[in-house]
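The values are calculated or read from the model by the stated rules, or taken from the named source; none is laboratory data. The model shown is predicted, which means the values in this text are computed figures rather than measured ones. Backbone-built Cβ (ideal geometry, glycine too); neighbour counts: all protein chains shown. With ligands, DNA and RNA removed, areas are computed over all heavy atoms of the protein, side chains included. Shrake-Rupley method; radii C 1.70, N 1.55, O 1.52, S 1.80 Å.
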Amino acid sequence: MSRTRTALLAALALVAGASGTALAVVPGDVGIAAVPCTVDYKVQNQWDTGFTTAVTITNNSAAKSSWSLKWSYAGNQKVSNFWNSKISQSGTAVTANNESYNGSLATGASVSFGFQGTYSGTNAVPTTFTLDGVTCNVDGGGPTDPGPTDPGTPGTGTRVDNPYAGAKVYVNPEWSANAAAEPGGSRIANQPTGVWLDRVAAINGAGGKMGLRAHLDEALKQKGSGELAVQLVIYDLPGRDCAALASNGEFGPTDIDKYKTQYIDPIAAILADSKYASLRIVTTVELDSLPNLVTNVSPRNTATPNCDTMKSNGNYIKGVGYALNKLGDVPNVYNYVDAGHHGWLGWDDNFSATVQTIKQAATAEGATVNDVHGFITNTANYSALKEPYYTINDSVNGKSVRESKWVDWNRYVDELSYAQAFRQEAVSQGFPSGVGMLIDTSRNGWGGSARPTGPGAKTDVNTYVDGGRLDRRLNTGNWCNQSGAGLGERPQASPAAGIDAYVWIKPPGESDGASSAVPNDEGKGFDRMCDPTYTGNPRNNNNMSGALPNAPLSGHWFSAQFQELMKNAYPAL
């Protein structure tokens, strides 16, 4: 941007703040490229504690079939009601999404909406607006809240705030074929799912399966002239998944150099190929790794020797840091780091400590917090998205629901509240304010005949919680091929405040682990949590495992599970 234009915009912002109007365009600025979008934010009426505002968006870019406008307040303004858009607010951050009748926005077209809000003190007009992640009222848009740049990172203005906004998402043809081959599977075979790079051989393709380049080439075909996001799972750390034998990997605890040179470097080289520069590549980085360093190490009663080893040698921290650094150098890659789930990390002694551990990794091996675009929760897990029939603030006969056996003093009862709180904690600990959250909803629908239709009886706190909870597991620590589970919310962008997308990173129908020992060349062991006869351990409060019988190795197709997920889907198929 030219110095002249920068000065003009700054001056106009000052005038707007005084007048209650955010001026959108600099007239007569000859020789400057058109801005991708303009936003006219007008405070129409204002009184001691409230105000009404009219907002007009003009789209100067490619035509849109839906839109999402974001801004943040400098003060304590709160939106109270709205019209011609769906508005949500988290802290100072506000998101306005189109209604069903005004999502179409042609090139050069405008759309208007309004809202009423409250405030105290001053009612400053927002200075920055983003439309589908692109900054309005400035030349060419660009990334929001970029923060400091990594030394040696190529300069780029291509990243958007939310890679899912305004984009299709890649449908893995291999998973789609498996789904379509199942009775009734064609109903969901066109859904986007994650591509798991869970060993070195997966990069080039093994056992007749597509490799990374083959997936990216197919993604280019699916992309067409629009935007498309590709979801990759980065999952091959040394001593991988130290607390769950079913998903152990090929590298030993000390193989950090092999992880870097044989796994991360080849992936980064492929992703950096200019052929794929038009794709939005979403990487979910090393699931179940860093949280294990918080909950499953000494002196916890849930500690395992393998996790103690990985904490002491530092190779989880080094590996994740290296991956974030190398992958974050690719301009069109969006790194999302695993944040467990509420039933794992929602307790006071786990929650903040997990963010601290992730930050330690995000500042190791040349990485910075700006290499983290966001976080993902509930991956390959079953925690309910929302519990509608009880909240963490409820009590029965003077006892808080936190005292129930199910909640067990957790601070959260579902994934949405946990994910939104995790985002806030991450920002408070120094991650960029623009970080977003993903929630894996592939298997947390909990529908079917066992789904409660209202609160439990208030006989006592356990009856109340157990009668009304959607999550029908025996314990939130149960994670393997859960009986009674169903497909959850379908993948969608910007579904709630602070949430970039609901995603299906774990492909439904792919096993979590074998229910008995199976010889294999994939480094995968036998975990008793996948055995339906197992009576449990401290990590699930010594409950039965709740696992389905006759399951194959993790990642292998499990027809019985797929049928169960479809039968219990919520929303129903």
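Observations
- Residue tally, condition touching a strand residue (DSSP E or B) at 6+ places or on another chain (Cβ under 7 Å) and more than 23 Å from D521 (Cα to Cα), over the range 224-248: 6
- Restricting the range 245-269 to residues that are open to solvent by 60 Å² or more (accessible area, probe 1.4 Å) and aliphatic (A, V, I, L, M), the residue that is modelled with the highest pLDDT: A269
- Residue check, K405 farther than 21 Å from N540 by Cβ, open to solvent by 40 Å² or more (accessible area, probe 1.4 Å), charged (D, E, K, R) and at pLDDT 95 or above: no
- Which listed residue is surrounded by fewer than 24 Cβ atoms within 10 Å (Cβ to Cβ), assigned to a loop (DSSP other than H, G, I, E, B) and touching a strand residue (DSSP E or B) at 6+ places or on another chain (Cβ under 9 Å), from N393, N410, N381: N393
- Restricting the range 111-131 to residues that are closer than 12 Å to V39 by Cα and among the hydroxyl-bearing types (S, T, Y), the residue that is most open to solvent (accessible area, probe 1.4 Å): T127
- Just one of the listed residues (V160, V134) is open to solvent by 10 Å² or more (accessible area, probe 1.4 Å), aliphatic (A, V, I, L, M) and modelled with pLDDT under 90, namely V134.
- Once the range 219-234 is narrowed to residues that are within 30 Å of P253 (Cβ to Cβ) and out of contact with any helix residue (DSSP H, G or I) (no Cβ under 8 Å at 6 or more places or on another chain), the residue that is surrounded by the most Cβ atoms within 10 Å (Cβ to Cβ) is Q231.
- Any hit, the range 327-337, residues being β-branched (V, I, T) and open to solvent by 10 Å² or more (accessible area, probe 1.4 Å): no
- Comparison of A493, A569, A497, A485 shows that the only residue that is open to solvent by 30 Å² or more (accessible area, probe 1.4 Å), under 21 Å from the mean Cα position of the chain (by Cα) and among the aliphatic types (A, V, I, L, M) is A493.
- Residue within the range 287-300 that is open to solvent by 20 Å² or more (accessible area, probe 1.4 Å) and part of a helix (DSSP H, G or I) present: no
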